[in-house]
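Accompanying notes for the structure given below.
Nothing in this text is a laboratory measurement; each read-out follows from the coordinates by a stated rule. Owing to the predicted nature of the structure, the values given are computational and were not obtained by experimental measurement. Every residue, glycine as well, gets a Cβ built from its backbone with ideal geometry; the counts of neighbours run over all protein chains shown.
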Amino acid sequence: MNPVENGMYPVHVAVISDTHGLLRREVVRELQDCSHILHAGDIIRESDLDELRLYGSIYAVRGNNDIWQPGLHDLAGVLRFTIAGVNFVMTHDRYDVPRNLEGVQAVIYGHSHCWEEDTVDGRLWLNPGSCGFARFGGSITMAKLLLENGKILRVQRINLE
């Protein structure tokens, strides 16, 4: 058993979305202390996923702009996974979040390009915003999570502008 994966030590996780073919160097710098990267869709370039794999374990879902992209259209629309004992569900659009969230501690989504962080029924709902292009008057943002022993110890908003 890997003690880090089982949540015995703090695990740093980067959460990004809506890169739209622009993997900013500022984002890459923020990934350096993270062992896992979550990408909530609209990746556009498969080569960006290849680069992200160099920095940590990657979990990625297909966004609405990825369905026409070779190498990305086969990504899952909804993904369930566990990191450091924390159970996640991730999808690109909040409206595609499954109804059954039993046992899920964090819901990750993107699409709107706007930061959202809320706790509903003890569960984190997080949209890291867009770290590609700013749209709809929003900022360039991403998130970092600190996880340990099945708990989310910290959610950090990273402003990239």
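Below, the figures for the structure above:
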quantity: Taking only Cα atoms of the chain, radius of gyration then Dmax in Å; calculated: 14.4, 46
quantity: Convex hull per residue volume in Å³, alpha carbons only, for the range 14-87; calculated: 77
quantity: Check: the chain dipole with +1 on Lys, Arg Cβ and -1 on Asp, Glu Cβ, in debye; calculated: 200
quantity: Separation of the L160 and F81 label points, Cα + 7 Å toward Cβ, nm; calculated: 1.8
